[in-house]
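Notes to accompany the following structure.
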Amino acid sequence: QLQLVESGGGLVQPGGSLRLSCAASGTIFSMYAMGWYRQAPGNQRELVAAITSYGATHYADSVKGRFTISRDNAKNTVYLQMNSLKPEDTAVYYCNAKRGSGQYWGQGTQVTVSP
């Protein structure tokens, strides 16, 4: 079992920055691939960024060059640094952990980009 708790969301103006955190507890965090997904109203949940257990990263085209995913295995935490935010980045952001056939989700944190 793995419990995930996101934090760091909020309201920010276009061009601003936010850093999301996802704290994990319950099992061996370092063995999990971690990801950030987002879901805007009326849209499907989509992958934003992912990082493997050994640190390889992947980004959606829409956030490349603006967002950075990282992990600190000593703190059981994964981060999403979001820069140059746009109104279209507005969504609920979810943390995800995968290992083998199992996966876990956090409860989500709202990010709103608005003047």
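The values are calculated or read from the model by the stated rules, or taken from the named source; none is laboratory data. Only a predicted model underlies this, so the values are computations on that prediction, with no experimental measurement involved. Don't worry about glycine lacking a Cβ; one is built from the backbone with ideal geometry, like all the others, and counts go over all protein chains shown. Accessible surface is based on the protein model in full, side chains and every heavy atom, while ligands, DNA and RNA are left aside. Shrake-Rupley method; radii C 1.70, N 1.55, O 1.52, S 1.80 Å.
Would you mind finding the one in TYR104, TYR54 that is open to solvent by 60 Å² or more (accessible area, probe 1.4 Å) and among the aromatic types (Phe, Trp, Tyr)?
Within the list TYR104, TYR54, the selection yields TYR54.
May I ask you to list pairs of residues, at least six apart or on different chains, whose Cβ atoms are under 7 Å apart, with the first in segment 29-42 being within 9 Å of TYR54 (Cα to Cα) and the second being at pLDDT below 95 and part of a loop (DSSP other than H, G, I, E, B)?
Filtered contacts from segment 29-42: SER30/SER53; SER30/ASN73; MET31/SER53; ALA33/SER53.
Please specify each residue of segment 89-101 satisfying the condition of being surrounded by fewer than 22 Cβ atoms within 10 Å (Cβ to Cβ), outside any strand (DSSP E or B) and touching a strand residue (DSSP E or B) at 6+ places or on another chain (Cβ under 8 Å).
THR90, the sole residue that qualifies.
State which residue pairs qualify: first residue more than 22 Å from ASP61 (Cα to Cα) and inside segment 86-115, second residue open to solvent by 90 Å² or more (accessible area, probe 1.4 Å) and among the polar types (S, T, N, Q) in any location, beta carbons under 9 Å apart, and separation of 6 or more residues or different chains.
Hits for this filter: TYR104/GLN1; PRO115/GLN13.
From GLN44, GLN1, which residue is outside any strand (DSSP E or B), open to solvent by 60 Å² or more (accessible area, probe 1.4 Å), among the polar types (S, T, N, Q) and at pLDDT 95 or above?
Among GLN44, GLN1, only GLN44 is outside any strand (DSSP E or B), open to solvent by 60 Å² or more (accessible area, probe 1.4 Å), among the polar types (S, T, N, Q) and at pLDDT 95 or above.
Only residues that are open to solvent by 30 Å² or more (accessible area, probe 1.4 Å), of a type in the set (Ser, Thr, Tyr) and assigned to a loop (DSSP other than H, G, I, E, B): list them for segment 4-32, please.
Matches in segment 4-32: SER17, THR27.
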